[in-house]
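Trainee: Before I ask anything, let me first share the structure, which is written out below as structure tokens.
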Amino acid sequence: MKGFLRYVMDVSYEHGYGSTGRSNLNRANIYLAALLEAQQSGRGWHTRAFCRTIFTTNFDTLLQNALQMVNLLYTVTDRPEKGLARSDFAEEETSIHIVYTHGSILRHNPASTITELGQLSKQNVRVLQDYLESRDVITVGYSGWDDGLMDALRRCDPRRHHLYWCGVDPEPPRHIADFLNGRAGNTAYVYLGSPGADGLLCSLYQALVSKEAQQDPMRRWSQWNALIRQPHFAI
């Protein structure tokens, strides 16, 4: 299974090219990177930090690729099988922190079976709970399946943070609705509709970054993508 996942997500792996995964970013990746660039640089940013820690259950490097596009510093935590520690999470994050809760293709450790996911949950749920409980949380494109991240969210005291669950359906799935209803206040379901995560991140960029500082993220991505695909030689 691990070999199959790597083959699917890293198309040049078998040829020995040293690729870090697929590089075709979607609009959500691109607008998130542009949003975080404005936040970190302060250019056109007039509010509190939107986000500095990103938890992902994906295995690919698309988030890293997107941040590289805007030349943004980030740190990575991608060895969940070794056990997460509270010291892995700074009290006040400065750089963007990407946390691979199921592992990544770069580490040959993607957890995909029920047994693997269960072991990760037992190891890391307490650390995840402590951290998530201390921050407001926005979930985007997350199914809420039975893994350590969802287990941690279930254990969080809803009085200590706000949770915004974003989905493309008018109503959340039954298991998510039950979870949200059980948290009482400080929780909201956000209906994204057909634009989905792409539309959400685009709207956030337009709302949080001043008009004077906004650039066209899609145009920047097109230019950057053309640049990195050109042949380069070093002497």
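The values are calculated or read from the model by the stated rules, or taken from the named source; none is laboratory data. This is a predicted model, so every value here is computed, not measured. Don't worry about glycine lacking a Cβ; one is built from the backbone with ideal geometry, like all the others, and counts go over all protein chains shown.
Trainee: Could you tell me which numbered condition residue 141 fails, if it satisfies all but one of (1) on the phi < 0 side of the Ramachandran plot; (2) at pLDDT below 95; (3) not basic (Lys, Arg)?
Mentor: (1)
Trainee: Output the qualifying pairs, or none if there are none: Cβ atoms under 9 angstrom, residues six or more apart or on different chains, first residue in the stretch 76-97 and touching a residue at least 24 places away in the same chain (Cβ under 8 Å), second residue of a type in the set (Asp, Glu).
Mentor: That search, which allows pairs on different chains as well, returns 81/116; 86/130; 89/130; 97/88.
Trainee: Related question: When the residues of the stretch 70-117 are filtered to those that are of a type in the set (A, V, I, L, M) and in contact with a Lys or Arg (Cβ under 7 Å, 6 or more places away or on another chain), which remaining residue is surrounded by the most Cβ atoms within 10 Å (Cβ to Cβ)?
Mentor: At the first step, the residues of the stretch 70-117 found to be of a type in the set (A, V, I, L, M) are 70, 72-73, 76, 84-85, 90, 96, 98-99, 105-106, 111, 114, 117.
Now drop any that are not in contact with a Lys or Arg (Cβ under 7 Å, 6 or more places away or on another chain), which leaves 96, 105.
Details: 96: 23, 105: 25.
Filtering first and then ranking leaves 105.
Trainee: For the stretch 168-221, enumerate the residues that are exposed (fewer than 15 other Cβ atoms within 10 Å of the Cβ), acidic (Asp, Glu) and closer than 14 Å to residue 31 by Cβ.
Mentor: Matches in the stretch 168-221: 216 only.
Trainee: Then there is this: Please report, ordered by residue number, the helices (runs of 4 or more DSSP H) entirely within the stretch 82-200 with at least 1 residues that are polar (S, T, N, Q). Lay out the reasoning, then the answer.
Mentor: Working: elements: 114-133, 148-155, 174-182.
Ranges flagged: 114-133, 174-182.
Trainee: Please indicate, with yes or no, whether at least one residue in the stretch 100-109 is among the charged types (D, E, K, R) and within 30 Å of residue 222 (Cβ to Cβ). Steps first, answer last, please.
Mentor: Restricting attention to the stretch 100-109, the residues satisfying the condition of being among the charged types (D, E, K, R) are 107.
Checking the rest, the ones that are also within 30 Å of residue 222 (Cβ to Cβ) come to none.
Checked against the condition, which is being among the charged types (D, E, K, R) and within 30 Å of residue 222 (Cβ to Cβ), the stretch 100-109 yields no hits at all.
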